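First comes the structure, then the notes that go with it.
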Amino acid sequence: MNEILQVIKERRSIRVFKDEQIKDEELNEVLQAGLYAPSAMNQQSWHFTVIQNDTVLENFTQTAKDTYAKSGNDQLKGMSNNYKYKVFYNAPTAILISGDINAANPQADCAAAAENILLAAETLGLGACWIGSMPYIFGNGSNEALKKELEIPDGYNPIYSIALGYAASENAHAPVLKANKINIIK
Ligand SMILES: Cc1cc2nc3c(=O)[nH]c(=O)nc-3n(C[C@H](O)[C@H](O)[C@H](O)COP(=O)(O)O)c2cc1C
């Protein structure tokens with residue numbers, strides 16, 4: 001099978017990681033893949049923040065838990081009380097994908113970059129998982145101090161993130177695909 005099609009089909013979310021950090025060359029390849037994503041009007045409205053510092057990752061989870069605890073959402077409150085909960089599943093690398101809030105379609109641009117990153121990770125033999133909780137942490141102007149600490153540029157907000165590392169679990173089988181998702185009119 002064509003290698004790209006095989007990578008697309010075999011990629012699975014990985015949520016268990018080895019402690020070992022990934023190589024800088026691997027990180028660079030993954031980030032480059034993100035930069036080559038398509039974007040509305042070629043605005044390239046993303047910005048990537050890579051966190052590879054254990055203390056910063058730990059503080060990130062603590063800030064998320066504090067924010068969840070104050071939310072009116074029971075599921076988030078449950079996560080804030082779960083001592084095992086880590087935003088990035090103990091992955092040694094996290095990539096925050098922030099979008100330019102004034103761009104035409106930062107959500108779509110950042111999603112395209114996220115998928116490129118996941119596929120690059122898969123082809124390099126890395127494990128990765130898309131983490132969608134950024135709006136719960138940074139929505140409504142929350143946690144500006146953390147954004148500053150992470151040097152996220154003014155006018156950008158974290159939209160998605162990726163947990164990245166060497167997988168400590170096998171790729172699962174592909175999820176059952178829902179029926180009736182394609183219609184071809186000739
Ligand atoms: C927008 C988006 C947000 C996601 N957020 C999370 C998340 O916060 N935590 C998580 O474990 N997986 C998250 N995922 C991964 C999905 O759960 C996963 O892709 C889906 O279950 C299919 O499994 P697969 O990736 O192994 O094919 C997210 C995926 C997308 C596209």
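The values are calculated or read from the model by the stated rules, or taken from the named source; none is laboratory data. Since the model is a prediction, treat every value here as computed from it, not as a measurement. A quick note on method: Cβ atoms are made from the backbone with ideal geometry, for glycine too, and the neighbour counts reach across all protein chains shown. The accessibility values were calculated without ligands, DNA or RNA, using every heavy atom of the protein model including side chains. Shrake-Rupley method; radii C 1.70, N 1.55, O 1.52, S 1.80 Å.
Per-residue answers, yes or no, for (1) aromatic (Phe, Trp, Tyr); (2) surrounded by 10 or more Cβ atoms within 10 Å (Cβ to Cβ):
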position: 120; (1), (2): no, yes
position: 128; (1), (2): no, yes
position: 133; (1), (2): no, yes
position: 137; (1), (2): no, yes
position: 146; (1), (2): no, yes
position: 158; (1), (2): no, yes
position: 166; (1), (2): yes, yes
position: 175; (1), (2): no, no
position: 182; (1), (2): no, no
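Residues that are touching a residue at least 60 places away in the same chain (Cβ under 8 Å) and either more than 25 Å from residue 35 (Cα to Cα) or assigned to a loop (DSSP other than H, G, I, E, B) (or both) within region 137-172 comprise 142, 143, 150, 151, 152, 153, 166, 168, 169, 171, 172, listed in sequence order. Taking the listed residues 17, 48, the one that is of a type in the set (Phe, Trp, Tyr), more than 30 Å from residue 141 (Cβ to Cβ) and touching a residue at least 60 places away in the same chain (Cβ under 8 Å) is 17, with no other qualifying. Just one residue in the set 20, 26, 58 is over 18 Å from the mean Cα position of the chain (by Cα) and at pLDDT 95 or above; that residue is 20. Considering region 21-115, the qualifying helices (runs of 4 or more DSSP H), each wholly inside and each with 1 or more residues that are open to solvent by less than 30 Å² (accessible area, probe 1.4 Å), more than 27 Å from residue 169 (Cα to Cα) and within 13 Å of the ligand (Cβ to nearest atom), run over 54-70.
Residue-by-condition table, conditions (1) in contact with a Cys (Cβ under 7 Å, 6 or more places away or on another chain); (2) of a type in the set (D, E, K, R); (3) away from the ligand (no atom under 16 Å from the Cβ); (4) farther than 30 Å from residue 5 by Cβ:
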| residue | (1), (2), (3), (4) |
| --- | --- |
| 122 | no, yes, no, no |
| 130 | no, no, no, no |
| 138 | no, no, no, yes |
| 141 | no, no, yes, yes |
| 144 | no, yes, yes, yes |
| 149 | no, yes, yes, yes |
| 152 | no, no, yes, yes |
| 173 | no, no, no, no |
| 186 | no, yes, yes, no |
